[in-house]
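Some notes on the structure that comes next.
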Amino acid sequence: MKQTILNTKQSTLLENLIVQHDQIVTSEQIYSQAEGLWDQQGTKKTITKLTHNGWLIRIKRGLYAISDLSNRGFLSLSPYVVANLLVKDSYVSFESALAYHGMFDQLTNKIISISQMQYKTTQLQSVEYSFVKVQNKWFFGWQEVSMDNKTMRMATAEKALIDMIQFHKSKYTVDLVVEKLSLYKSSLDLQKMTKYLGKMSLTTIKIFGFLFDLLGIDSGNLYSQVRLKGTHWMLSGDAKFNAKWRLYYDEYFDKYQSA
């Protein structure tokens, strides 16, 4: 049976850590705060016991969250914050960022981030965290937001849509992007999106140019960047050809022509 009551030393340690460092602590901070309570081996055993009993929640090696009494064993931090704690040089994107911006209301237990380093997919309690490593030139389009008294990085709505096409391109993601462009084109910063797109791949620029045309959005600035520059495919195997964008696409998307 798990120990549900802290002894005096354990309680003192956790209280002092919260006062000094708030809810997120490193191993070094724990060892430093535990001086005078246990020797190093005793502190190591205490960390193991507190983790086993749910008072400390291991986020990654050397990094822990402190539980409170009412929520022992569960992270009270937003998954967005946890994602940024797992990989510092990252920002939340894709559907997760759209949800933050009020553009995606389906429940999801997966957070996908853009990162500058390779990091394994991690399951932490009921949420899966995955990271897409990208070239430095594509690591942009995020803003710092405050959540749970922490500062973390979140993709702008415009960049989240672009990331979906650039890094997770599929019929589903293209369809989702068309839907969001159609619903939110009056609130999206299309000038900013066009500027962002100028830094992405030719295929991505062409896809958005094609989608802009379908939805009656001005695509002139995008067209000037890719005019006559090769032939591309929206998705492998696409057979219908758009001469303006020199882009093969699935005729499924013709249904949006009347939007």
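The values are calculated or read from the model by the stated rules, or taken from the named source; none is laboratory data. Note that the coordinates shown come from a computational prediction; the quantities given were computed from them, not determined experimentally. Note that we place each Cβ from the backbone using ideal geometry, even for glycine, and neighbour counts take in every protein chain shown.
Data table
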read-out: Subset tally (residues that are charged (D, E, K, R) and over 27 Å from ALA83 (Cβ atoms)) for the stretch 12-42; value: 3
read-out: Counted residues, the stretch 79-127 - those being under 10 Å from the mean Cα position of the chain (by Cα) and at positive phi; value: 1
read-out: Residue match in the stretch 116-130 (condition: acidic (Asp, Glu), touching a residue at least 12 places away in the same chain (Cβ under 8 Å) and part of a strand (DSSP E or B)); value: yes
read-out: Output for the stretch 123-145, where each listed residue is surrounded by 14 or more Cβ atoms within 10 Å (Cβ to Cβ) and either outside the structural domain of TYR91 (by TED's automatic domain parsing) or among the acidic types (Asp, Glu) (or both); value: GLU128
read-out: Number of the exception - LEU183 against (1) in a helix (DSSP H, G or I); (2) free of Cβ contacts under 8 Å to residues at least 40 places away in the same chain; value: (2)
read-out: Unmet requirement for THR151, which otherwise passes all of (1) in contact (Cβ under 8 Å) with a residue 40 or more places away in the chain; (2) of a type outside the set (Lys, Arg); (3) in the same structural domain as GLN116 (by TED's automatic domain parsing); value: (1)
read-out: Yes/no for ALA155 being in contact with a His (Cβ under 8 Å, 6 or more places away or on another chain), surrounded by 14 or more Cβ atoms within 10 Å (Cβ to Cβ), closer than 18 Å to ILE111 by Cβ and at pLDDT 95 or above; value: no
